[in-house]
Structure formats: structure tokens, C-alpha cells
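S.K.: Dropping a structure here in C-alpha cells format, bear with me for questions.
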Amino acid sequence: MTSVGHDLLPMEGGGPYVFKVHGSLSHRAGSLLPAPNQPPVYAQLYIYDPDDALTYRMDNPHNVSLDRTIMTDL
């Protein structure tokens, strides 16, 4: 559960887009513990009981219109 840390540099000239890494390649990994008074997100949810993790996901304002049964299946 990490993201590649990189700087995107604009390409000069034409041709297809190519992803080039300049310098070193690194990974950004967040804490497995949520910040104080913050709900768990992303990989932090995988250390919780599945029912508790689902409750945290359903409490997210972006998920208000989602069906809990379908979210359970997913």
C-alpha cells in the first residue's frame, strides 16, 4: 500500500508520453495508525475487524449514498 514518489517533468518535443524517473525511486508509506481524532483510511482499515472497517467506510461522507450490503460484498 505505497505510492511511488516522483517529480513529473514536462517532456520536450513530440511523440508518445514516457514516464521517466529522474534521481532516486522511493515509496511513500503512511502510518498504520490514524492521526489523533481522525478515522482510519486506506491501509489503516485492514488492521480492523471487517465489520468495524465497513462502519468506518460507510461513515465517510463520500459514501453516504452507497448500499451497505453491496459494500459488504465488495
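Computed from the coordinates by the stated procedures, all read-outs in this text should not be read as laboratory data. Remember, predicted model here, so these are calculated numbers, not experimental data.
S.K.: So what J values fall out for the stretch 36-45 if you push phi through Karplus, 6.51 cos²θ - 1.76 cosθ + 1.60 with θ = phi - 60°, rounded to Hz, Gly and Pro as x?
M.R.: x, 6, 10, x, x, 9, 6, 5, 4, 6
S.K.: Further question on the same structure: Step through the residues of the stretch 46-51 one at a time and calculate ³J(HN,Hα) from phi using the Karplus curve (6.51 cos²θ - 1.76 cosθ + 1.60, θ = phi - 60°), rounding each to whole Hz and writing x for Gly and Pro.
M.R.: 6, 9, 9, 4, x, 5
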